[in-house]
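**Student:** Can you read through this structure? Questions will come right after.
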Amino acid sequence: MYATDNNGKFSAIDSILLGEGKATYIRKLTQQFKTNLQGVTAYSDSIQDLPFLDAAGKAIVVNPDSKMKKISQERLWEVI
(Lines give C-alpha, C1' and ligand atoms only; values in the text may rest on other atoms or scores of the structure.)
Protein backbone atom coordinates (compact mmCIF):
# COMPACT_ATOMS: atom_id res chain seq x y z
CA MET A 1 0.00 0.00 0.00
CA TYR A 2 1.22 3.47 -0.77
CA ALA A 3 1.13 6.48 1.49
CA THR A 4 0.37 9.91 0.08
CA ASP A 5 1.07 13.41 1.30
CA ASN A 6 -1.54 16.16 1.80
CA ASN A 7 -1.52 16.85 -1.95
CA GLY A 8 -2.30 13.23 -2.78
CA LYS A 9 1.18 12.57 -4.12
CA PHE A 10 3.12 9.38 -3.40
CA SER A 11 5.26 9.74 -0.30
CA ALA A 12 6.22 6.21 0.78
CA ILE A 13 5.41 2.53 0.72
CA ASP A 14 3.18 2.18 3.75
CA SER A 15 2.88 -1.61 3.79
CA ILE A 16 3.20 -4.66 1.58
CA LEU A 17 0.20 -6.94 1.23
CA LEU A 18 0.53 -10.64 0.54
CA GLY A 19 -2.01 -13.44 0.25
CA GLU A 20 -4.62 -13.13 2.95
CA GLY A 21 -3.87 -9.41 3.37
CA LYS A 22 -4.76 -8.83 -0.28
CA ALA A 23 -7.90 -10.93 0.07
CA THR A 24 -8.97 -8.94 3.13
CA TYR A 25 -8.28 -5.67 1.33
CA ILE A 26 -10.34 -6.51 -1.75
CA ARG A 27 -13.20 -7.60 0.52
CA LYS A 28 -12.97 -4.24 2.27
CA LEU A 29 -12.91 -2.35 -1.04
CA THR A 30 -15.91 -4.20 -2.42
CA GLN A 31 -17.87 -3.31 0.72
CA GLN A 32 -16.71 0.31 0.53
CA PHE A 33 -17.73 0.65 -3.12
CA LYS A 34 -20.87 -1.46 -2.68
CA THR A 35 -19.94 -4.01 -5.28
CA ASN A 36 -19.22 -7.72 -5.07
CA LEU A 37 -16.20 -9.95 -5.40
CA GLN A 38 -17.52 -11.44 -8.65
CA GLY A 39 -16.53 -8.14 -10.28
CA VAL A 40 -12.91 -8.43 -9.10
CA THR A 41 -10.16 -9.84 -11.29
CA ALA A 42 -6.99 -10.81 -9.44
CA TYR A 43 -3.62 -11.27 -11.13
CA SER A 44 -0.68 -12.97 -9.46
CA ASP A 45 2.42 -15.01 -10.12
CA SER A 46 2.88 -16.20 -6.55
CA ILE A 47 1.56 -19.18 -4.63
CA GLN A 48 1.55 -16.87 -1.60
CA ASP A 49 -1.42 -15.12 -3.19
CA LEU A 50 -3.73 -18.14 -3.25
CA PRO A 51 -6.14 -16.55 -0.72
CA PHE A 52 -6.24 -13.41 -2.89
CA LEU A 53 -6.88 -15.39 -6.07
CA ASP A 54 -9.52 -17.51 -4.32
CA ALA A 55 -11.34 -14.41 -3.07
CA ALA A 56 -11.67 -12.78 -6.49
CA GLY A 57 -14.43 -13.46 -8.94
CA LYS A 58 -11.85 -14.14 -11.63
CA ALA A 59 -8.27 -15.30 -11.06
CA ILE A 60 -5.52 -14.96 -13.64
CA VAL A 61 -2.12 -16.48 -12.99
CA VAL A 62 0.87 -14.88 -14.67
CA ASN A 63 3.97 -16.89 -15.64
CA PRO A 64 3.46 -19.52 -12.91
CA ASP A 65 6.00 -22.03 -11.67
CA SER A 66 5.02 -25.71 -12.08
CA LYS A 67 3.24 -25.95 -8.70
CA MET A 68 1.21 -22.81 -9.32
CA LYS A 69 0.42 -23.92 -12.86
CA LYS A 70 -0.96 -27.24 -11.55
CA ILE A 71 -3.15 -25.44 -9.00
CA SER A 72 -4.35 -23.07 -11.73
CA GLN A 73 -5.33 -25.95 -13.96
CA GLU A 74 -7.18 -27.70 -11.11
CA ARG A 75 -9.13 -24.52 -10.32
CA LEU A 76 -9.68 -23.67 -13.99
CA TRP A 77 -7.93 -20.32 -13.69
CA GLU A 78 -6.63 -18.54 -16.75
CA VAL A 79 -2.84 -18.71 -17.16
CA ILE A 80 -0.95 -16.08 -19.14
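The values are calculated or read from the model by the stated rules, or taken from the named source; none is laboratory data. Please read all numbers here as calculations on a predicted model, not as lab measurements. Backbone-built Cβ (ideal geometry, glycine too); neighbour counts: all protein chains shown. Side chains are part of the model used for accessible areas, which takes the heavy atoms of the whole protein and leaves out ligands, DNA and RNA. Shrake-Rupley method; radii C 1.70, N 1.55, O 1.52, S 1.80 Å.
**Student:** Let me have the relative contact order for the chain, percent, based on Cα pairs under 8 Å that are six or more residues apart. Walk me through the numbers on the way to the answer.
**Tutor:** On the way: 110 pairs, mean separation 17.6, N = 80.
Once normalised by length, the contact order is 22 percent.
**Student:** Using a 1.4 angstrom probe, figure out how much accessible area the chain has per residue, in square angstrom, rounded to the nearest whole.
**Tutor:** Details: 5750 Å² over 80 residues.
For the chain, the solvent-accessible area averages 72 Å² per residue.
**Student:** Taking only Cα atoms, what is the 0 to 90° angle, nearest 10, from helix 19-32's long axis to the longest principal axis of the chain?
**Tutor:** For 19-32 against the chain, the angle is about 60 degrees.
**Student:** Here's another thing I want to ask about it. Here are some values of P(r) over Cα pairs in 10 Å bins from 0, in percent: (i) 18, 48, 27, 7; (ii) 18, 40, 30, 10, 1; (iii) 19, 55, 25, 1. Which one was computed from this structure?
**Tutor:** (ii)
**Student:** Which ³J(HN,Hα) values in Hz, rounded to whole numbers, follow from the phi angles of region 42-49 under the Karplus curve 6.51 cos²θ - 1.76 cosθ + 1.60, where θ = phi - 60° and Gly and Pro get x?
**Tutor:** Residue by residue, region 42-49 yields 10, 10, 7, 10, 10, 5, 5, 8 Hz.
**Student:** Would you work out what percent of the accessible area of the chain, with all protein chains in place, is carbon or sulfur (probe 1.4 Å)?
**Tutor:** Numbers: 2940 of 5750 Å².
After summing per-atom areas, the C and S share lands at 51 percent.
**Student:** While we're looking at this one, here's another question. Looking at the chain, send over the antiparallel percent of its DSSP beta bridges, to the nearest 5. Mind showing how you got there, number by number?
**Tutor:** Numbers: 3 of 9 bridges.
Percent antiparallel among DSSP bridges in the chain is about 35.
**Student:** Here's a follow-up. Under 10 Å, Cα contacts only: if you run a Gaussian network model on the chain, which one of 23, 59, 12 comes out with the highest mean-square fluctuation?
**Tutor:** Result for the chain, Cα springs under 10 Å: 12 fluctuates most.
**Student:** Between residue 20 and residue 48, what is the label-to-label distance in nm when each label sits 7 Å out along the Cα-to-Cβ direction?
**Tutor:** 1.5 nm
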